[in-house]
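The values are calculated or read from the model by the stated rules, or taken from the named source; none is laboratory data. Everything quoted here is computed from the prediction, not taken from an experiment. Quick reminder, even Gly has a Cβ in these numbers, built from the backbone with ideal geometry, and neighbours come from all protein chains shown. Note: accessible area is taken over every heavy atom of the protein model, side chains too, but ligands, DNA and RNA are not part of it. Shrake-Rupley method; radii C 1.70, N 1.55, O 1.52, S 1.80 Å.
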Amino acid sequence: MKTAFRLVLACLLVVGLSNFVLAQDKANTVITILVPEKGQEETKVKVNGKKLKGEGDTRVFKASLVKGKDYKFKIEALIEPNNYTKITRYKEITVKGGDKAKVDLTVKNPKTDKIVVRWVPTPDDIVDAMCKLAKVTKSDTVYDLGCGDAVMLIRPIQKFNAKKGVGIDIDPKMIVKAKENVKKAKLENKIDLRVGDILNVKDMADADVVLIYIGDDLGERLSPVLQRTMKRGARIVSHRFLLGSWTPTKTTTVKGTDGFEYELHLWIVGEKKVEKKKQ
Ligand SMILES: C[S@@+](CC[C@H](N)C(=O)[O-])C[C@H]1O[C@@H](n2cnc3c(N)ncnc32)[C@H](O)[C@@H]1O
């Protein structure tokens, strides 16, 4: 009995002593995180996978950590600039316990930012107007980057006799829907569909026409790949959104059968903007 009592006492002493030493060694560690100003929603921040409470363009993470020891942090921001775009931006840093650090997540990172735009379909008559603007012919392979339900692949083939269609979408459910529609249209042998992030597309050399409806953020990121890899004379038509600072060859507005106006942009690879002559 006496031995057991001594053992418990010794354990308590060891635990108490180590706690005391650890407490002595710990210090406040502070990471200040700068995030973009509120867009559609307040930016959400996570530190090592855990939500950090707070609002506004500056968030503060505090922890009591062993002084001088290295700690790794993955800081993530979910940014919603508008009601259709979600951007995930992150940085990894190592901070010593007791130090202060600053992380700036307001700056775009073309290498690691993940950008996803939600599905909003382009009306059939507007797809037709896009095909007319792109002058789709029977020798054309048409791509839709962010293809949704495949409307921008089915109509160019059905109405404009395009040779082939290729669609990529990040959402597997959209690809299932696209495949159903392609099957209904009996175009399985002419349209290839795959799940993927269009920001991983490296080469668009086999496209004659690219039709897109993807938002300004995705467009800006995709622009260098299209400019660098598409063949001279290939056409890109975008519903509403631009491709960063690449000036369109032509911009036009069409009225839909729904009564709304739609802005469409055309780029002809290798050609400069067509200036309108003054009367
Ligand atoms: C605005 S919808 C356009 C759909 C179709 N092109 C149309 O105009 O009817 C955008 C589509 O792009 C897809 N998408 C969004 N971000 C993407 C990404 N990073 N990579 C591939 N597809 C993406 C969405 O799942 C959605 O289906």
(request) Kindly indicate whether A162 is within 16 Å of the ligand (Cβ to nearest atom), modelled with pLDDT of 95 or more, among the small types (G, A, S) and in the same structural domain as Y143 (by TED's automatic domain parsing). (result) yes
(message) Looking at K86, K100, can you tell me which residue is touching a Leu at 6+ places or on another chain (Cβ under 7 Å) and among the basic types (K, R)?
(response) K86
(message) Pull out all pairs, ordered by first then second residue, where Cβ-Cβ is under 9 Å, the residues are six or more apart or on different chains, the first lies in segment 187-201 and is in contact (Cβ under 8 Å) with a residue 24 or more places away in the chain, and the second is among the charged types (D, E, K, R) and open to solvent by less than 40 Å² (accessible area, probe 1.4 Å).
(response) L193/D169; R194/D169; V195/D169; G196/D169; I198/D169; L199/D113
(request) Considering every residue within segment 262-271, establish whether at least one is surrounded by 18 or more Cβ atoms within 10 Å (Cβ to Cβ), in contact with a strand residue (DSSP E or B) (Cβ under 8 Å, 6 or more places away or on another chain), in contact (Cβ under 8 Å) with a residue 40 or more places away in the chain and over 22 Å from G148 (Cβ atoms). (result) yes
(request) Mind listing whichever residues of segment 123-142 are touching a Gly at 6+ places or on another chain (Cβ under 8 Å), open to solvent by less than 20 Å² (accessible area, probe 1.4 Å) and within 14 Å of the ligand (Cβ to nearest atom)? (result) I126, V142
(message) Give me the strands (runs of 3 or more DSSP E) completely within segment 205-279, filtered to those with at least 1 residues that are small (G, A, S), ordered by residue number.
(response) 235-239
(message) Being under 16 Å from T141 (Cα atoms), more than 10 Å from the ligand (Cβ to nearest atom) and buried (at least 21 other Cβ atoms within 10 Å of the Cβ): is that true of L211 here?
(response) no
(request) Give the residue, chosen from G39, G68, that is on the phi > 0 side of the Ramachandran plot and at pLDDT 85 or above. (result) G68
(message) Taking the conditions exactly as written (open to solvent by less than 60 Å² (accessible area, probe 1.4 Å), without any contact (Cβ under 8 Å) to a residue 40 or more places away in the chain and closer than 20 Å to T122 by Cα), does G219 satisfy them or not?
(response) yes
